[in-house]
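Remarks on the structure that follows.
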Amino acid sequence: MTARFLRRATVAGIAAAALFGSTACGSGFDDKSSDTAQSSGPASLQILIGSSGEAETKAVQDAAAKWASSSGNTATVTPAQDLTQQLGQALAGGTPPDVFYVDAARFADYASVGALEPYGDKISNKDDFYESLRTTFTYDGKLYCAPKDFSTLALQINTDLWAKAGLTDADVPTTWEQLTAAAQKIKAKGLVPLALGDTRDRIGAFMVQNGGWLTSKDGKQATADTPENLAALEYVKKMLTDGLAKYPKQLDSGWSGEAFGKGKAVMTIEGNWIKGALQNDFPNVKYKVVELPAGPKGKGTLSFTQCWGVAAKSKYKEQAFKFVEAMTAGDQQIAFAKAFGVMPSRQSVRDQYTSQFPADKPFIDGAAYAQGPVNAPKMDSVLSDLDTGLQGLANGDPKTILSRFDSNAKAALGG
């Protein structure tokens, strides 16, 4: 998957303030002024994307040109330098692009202020999108936008180091207990068992595996301070304090994939973007990918996704819907997968995708039990504070971390 998912982007403060400030002052996105009326004649769509690189930009531009040619419209695709900042400023200024990438972590912020047109029900065969992805882009009971593609977390194993530790395929962990057992054997051989990212975007998977999560399904209630989440954090803390897992900074690395690529850990937990990163930076590393070990309550992973947002103020909504329809068609999603490594959001092309990319099957399989990001607005500072707590988990109190999140989240959620 693309590098944009490696870490959460933070909203530029000025853009976020402008976005929310514009609605607070009464010039919100729901006003039905004449400038939002459908224009007659061919549409000239402006599309803003957060591109992972030249391959993605060219693929989207080519697909847009093909659609424009066949539909009689024009479509200009612009890769953003900083999507969050540029989109926030454009929305706040009342001159947004017609269609744009919306990251799952930003979605509720935009939906809550009326910046997005809720067109999800107009997309053909909407139930073909994975349920976890539809849930991610549902706000106040409405499916707002079509999931563009997605990624999930899985377990990567360095096969050479695995063998060096005396382990075989029979030792590949499928439960927490087996993960601990394998890690103990690896540590006994003087190797670091697991490189683990130090934020909710990695550690949160353990919560899901134990039946917990940070917020309720509708995103309206804080649910971190529960026995399920507590047990999950206590498990991760023990892994850290026992030396069975280490954060990237403890391994002189910027992220877990780097530590894994350098051979500083036998295992890591990352998304399918690690494939391209290893290929580019550490092409000699031999590894295999398996699903994350199940927790006491079953399998669990996290999903990272974006949707095709349509501006509520677009003059060309109907053409924008048709553009999104074309971009999310199964054959087009497979073409994007080949071009720049994304995983299709439509279940109907799953088998086609896995037959062409068999090594990605564990990531695709995770879609059936994946948890999307916190789906609530105005949660940036709350989530950042949680990450700070998790970064000190080895010496911290899991109960305090969770109760602090709930307290902060309740204030942000207004209840």
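The values are calculated or read from the model by the stated rules, or taken from the named source; none is laboratory data. Remember, it's a predicted structure, so these values are computed and weren't measured experimentally. A quick note on method: Cβ atoms are made from the backbone with ideal geometry, for glycine too, and the neighbour counts reach across all protein chains shown. Ligands, DNA and RNA are excluded from the accessible area calculation, which covers all protein heavy atoms including side chains. Shrake-Rupley method; radii C 1.70, N 1.55, O 1.52, S 1.80 Å.
Below, the figures for the structure above:
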{"item": "Pair list, Cβ under 6 Å, 6 or more apart: the range 354-382 residue farther than 30 Å from N408 by Cα, other residue open to solvent by less than 20 Å² (accessible area, probe 1.4 Å) and not polar (S, T, N, Q)", "result": "T354/I364; P362/A154; F363/A154"}
{"item": "Close pairs from the range 64-80: first assigned to a strand (DSSP E or B), partner surrounded by fewer than 19 Cβ atoms within 10 Å (Cβ to Cβ), Cβ under 6 Å, at least 6 apart", "result": "T74/S44; V77/Q61; P79/T57"}
{"item": "Selection status of K322, surrounded by fewer than 21 Cβ atoms within 10 Å (Cβ to Cβ) and farther than 30 Å from L161 by Cβ", "result": "yes"}
{"item": "Meets criteria (open to solvent by 30 Å² or more (accessible area, probe 1.4 Å) and touching a Lys or Arg at 6+ places or on another chain (Cβ under 8 Å)) for A335", "result": "no"}
{"item": "Residues located in the range 371-388, provided they are small (G, A, S) and open to solvent by less than 20 Å² (accessible area, probe 1.4 Å)", "result": "G372, A376"}
{"item": "Breaking point among (1) assigned to a helix (DSSP H, G or I); (2) buried (at least 22 other Cβ atoms within 10 Å of the Cβ), for E228", "result": "(2)"}
{"item": "Flag for K286 being among the basic types (K, R) and touching an Asp or Glu at 6+ places or on another chain (Cβ under 6 Å)", "result": "yes"}
{"item": "Residue list for the range 282-304, restricted to those being in contact with a helix residue (DSSP H, G or I) (Cβ under 7 Å, 6 or more places away or on another chain), under 18 Å from T159 (Cβ atoms) and open to solvent by 60 Å² or more (accessible area, probe 1.4 Å)", "result": "K286, Y287, K288"}
{"item": "Odd one out for S256 among (1) over 21 Å from Q391 (Cα atoms); (2) crowded, with 19+ Cβ neighbours inside 10 Å; (3) modelled with pLDDT of 95 or more", "result": "(1)"}
{"item": "Test: residue in the range 197-219 that is touching a Phe, Trp or Tyr at 6+ places or on another chain (Cβ under 7 Å), of a type outside the set (A, V, I, L, M, F, W, C) and within 20 Å of T135 (Cβ to Cβ)", "result": "no"}
{"item": "Unmet requirement for A376, which otherwise passes all of (1) in a helix (DSSP H, G or I); (2) touching a Leu at 6+ places or on another chain (Cβ under 7 Å)", "result": "(1)"}
{"item": "Out of S51, S70, sole residue that is within 19 Å of the chain's Cα centre (by Cα) and either more than 19 Å from Y144 (Cα to Cα) or not small (G, A, S) (or both)", "result": "S51"}
{"item": "Members of the range 243-281 found to be touching a helix residue (DSSP H, G or I) at 6+ places or on another chain (Cβ under 8 Å), touching a residue at least 24 places away in the same chain (Cβ under 8 Å) and charged (D, E, K, R), listed by number", "result": "K246, K264, E270, K275"}
{"item": "Residues being basic (K, R) and in a strand (DSSP E or B) - total across the range 342-373", "result": "1"}
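Quick grid of which residues meet (1) under 22 Å from the mean Cα position of the chain (by Cα); (2) surrounded by fewer than 18 Cβ atoms within 10 Å (Cβ to Cβ); (3) modelled with pLDDT of 95 or more; (4) outside any helix (DSSP H, G or I):
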position: P118; (1), (2), (3), (4): yes, no, yes, yes
position: S132; (1), (2), (3), (4): yes, no, no, no
position: K148; (1), (2), (3), (4): yes, no, yes, yes
position: A154; (1), (2), (3), (4): yes, no, yes, yes
position: A163; (1), (2), (3), (4): no, yes, yes, no
position: G166; (1), (2), (3), (4): no, yes, yes, yes
position: P173; (1), (2), (3), (4): no, no, yes, yes
position: I186; (1), (2), (3), (4): no, no, yes, no
position: V192; (1), (2), (3), (4): no, no, yes, yes
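Let's see how each residue does on (1) modelled with pLDDT under 95; (2) out of contact with any Phe, Trp or Tyr (no Cβ under 8 Å at 6 or more places or on another chain); (3) open to solvent by less than 70 Å² (accessible area, probe 1.4 Å):
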| site | (1), (2), (3) |
| --- | --- |
| K32 | yes, yes, no |
| A43 | yes, no, yes |
| I47 | no, no, yes |
| A59 | no, no, yes |
| T84 | yes, yes, yes |
| T95 | yes, yes, no |
